[in-house]
Amino acid sequence: MSERVGLGVTFNDRFFFSIAYLKCAYFAFRSISPVLTSIGMHRMVYARSWRKLIICILITLKVNGLYVQITYIKSSVAKGAVCLDGSPPAYHLDKGFGSGINNWLVHIEGGGWCTNVTTCLFRKNTHLGSSKKMVTEIAFSGILSNNKQFNPDFYNWNRIKVRYCDGASFTGDLEKVDPVTNLHYRGARIWLAVIEDLLKKGMKNAEYALLSGCSAGGLASILHCDSFHALLSIGTKVKCLADAGYFVNLKEISGREHIKSYFNDVVTTHGSVKNLPTYCTSTMKPSMCFFPQYIVHGIRTPLFLLNAAYDSWQIRNILVPGVADPHGYWLSCKLDIKNCSSIQLQTMQGFRMEFLSALLGQRSSSRGMFINSCYAHCQSEMQETWLQDDSPVLDNTPIAKAVGDWYYDRRSFQKIDCPYPCDKSCHNHVFGHN
């Protein structure tokens, strides 16, 4: 049994709007600032820049005006399919309409992982570990938008955002619950509970289906791609999209294998081994099978990989984690790629080459690929990067069109960008000081 709750706009929703406005202002000011510093300021250019800001805000209001209520799967608690704190899993569903009424897009939320009791205990008291801490309404934009202008191929589908509250990309499954910590490692059960609930709501009759996700959710869309396909009807057209989910196994700048150890802790803590592909776990250490580069070759369902070659999360946490830079030499560079020195950029170019090396051996005719040279992480959820007038492009094609063309077999799309800083269409992330 499912329950939908949530009325009104929350503080977090207002915060979302504020951030969107600030982003609009940032990109507009970026184009205004060179004009302001020139001696002969051209009023026409100045006015055009401010007009761009106003249009951006209006688009933000129009696009992000859709708020979708939360659905708690309370019946799953009896099956042990629960978040870290034992609360029921949740998702947000906006029903399809018109020609998309029998089509389903299941998008998995991102949010990193927890590696041990300490980090999972902290996570348990946040929205990433408890449905009790989740806002009851969230804005749908980008690939989840219901606006044909901004999401032409999926706007009228049944669109679902699966909330992430297990800390292991929905792979964990330990029966025992520590009575002291009350931590539940049940991500794999959550995954099945969500899909079973959606099947009851009509997904069993799906004509078209797409499993997507961002970051840790993007990794989940890779790990669960074939199982998602298997749970649907034989006649359903099924594909998967991983946005910023292609995490690579490489050494950090000091030469240590930080991410390998990190993923090993995730897999061990959550008991994820049984839910990783057996064709991988039978040939190598199970925790290595958390890395997409070692499993995508065995995925039978068509898969689209959307990723920045200078993935900002991977640069900040795999290439240069805090423990590898105790004196903070990389801090300014990690906050804004424009602050990077020539030596740091050279190191990042090396990261790009290793990323591409881990990627290029995985090509197949059914695979889609949009690898741009941006300093970014997750580009399908935000309207400004999914589809807008100034959104990122490869081969003059925005992400939304590339994914849509690939999904509907209008044309294949396997494009890799030239090295930074060649791509002027990028929306590079700029982080605040921690």
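What pairs from LYS79/LYS274; LYS237/LYS260; LYS260/LYS424; LYS204/LYS239; LYS132/LYS201 go past 25 Å between their alpha carbons?
LYS237/LYS260; LYS260/LYS424
Quick one: Karplus J couplings for the stretch 223-238, per residue in order, coefficients 6.51, -1.76, 1.60, θ = phi - 60°, nearest Hz, x for Gly and Pro?
Using θ = phi - 60°, the values come out as 4, 10, 4, 5, 5, 4, 4, 5, 7, 9, 5, 4, x, 6, 7, 10 Hz.
Among ASP85, ASP336, what is the fewest-to-most ranking by other Cβ atoms within 10 Å?
Ranking ASP85, ASP336 by Cβ neighbours within 10 Å, fewest first, gives ASP336, ASP85.
Where does the charge balance sit around LEU356 when Lys and Arg score +1, Asp and Glu -1, over other residues with C-beta under 14 Å from its C-beta?
Neighbour charge sum, excluding LEU356 itself: 0.
Got a sec to turn the phi values of the stretch 241-248 into Karplus ³J(HN,Hα) couplings, 6.51 cos²θ - 1.76 cosθ + 1.60 with θ = phi - 60°, whole Hz, x for Gly and Pro?
Computed from phi, the couplings for the stretch 241-248 are 10, 10, 9, 6, x, 8, 7, 9 Hz.
Would you work out which of ILE222, ALA209, ALA139 lies farthest towards the positive end of the dipole of the stretch 76-227, given +1 charges on the beta-carbon of Lys and Arg and -1 on that of Asp and Glu, about the Cα centre?
My answer, from the dipole projection, is ALA139.
Over 5 Å intervals from 0, what percent of Cα-Cα pairs in the stretch 332-434 sits in each interval?
Over the stretch 332-434, the share of Cα pairs per 5 Å bin runs 2, 11, 20, 22, 20, 14, 6, 3, 1 percent.
Give me a comma-separated list of calculated 3J(HN,Hα) values for the stretch 112-128, in order, Karplus coefficients 6.51, -1.76, 1.60 applied at θ = phi - 60°, integers in Hz, x for any Gly or Pro.
x, 9, 10, 10, 7, 4, 4, 6, 6, 5, 5, 5, 4, 9, 10, 5, 8
Within a Cβ distance under 11 Å of ILE143, other residues only, what is the Lys/Arg minus Asp/Glu net charge?
In short, -1.
If amide H atoms are built 1.01 Å from N in the plane of the peptide, which residues on other chains or at least 5 residues away come under 5 Å of the amide H of ILE70?
VAL5
Please list the non-local residues whose amide H lies under 5 Å from the amide H of MET369, H modeled 1.01 Å from N, same-chain partners needing a gap of 5 or more.
Amide H to amide H, under 5 Å and 5 or more residues apart or across chains, MET369 pairs with LEU305, PHE413, GLN414, LYS415.
Charges on Cβ only, +1 for Lys and Arg, -1 for Asp and Glu, centred on the Cα centroid of the stretch 284-370; of LEU359, GLY298, SER287, which one is farthest towards the dipole's positive end?
GLY298
Values quoted throughout were computed directly from the atomic coordinates according to the rules given, and no laboratory measurement underlies them. Computed from a predicted structure; not experimentally measured. Positions of Cβ are backbone-derived with ideal geometry, glycine not excepted, and every protein chain shown enters the neighbour counts.
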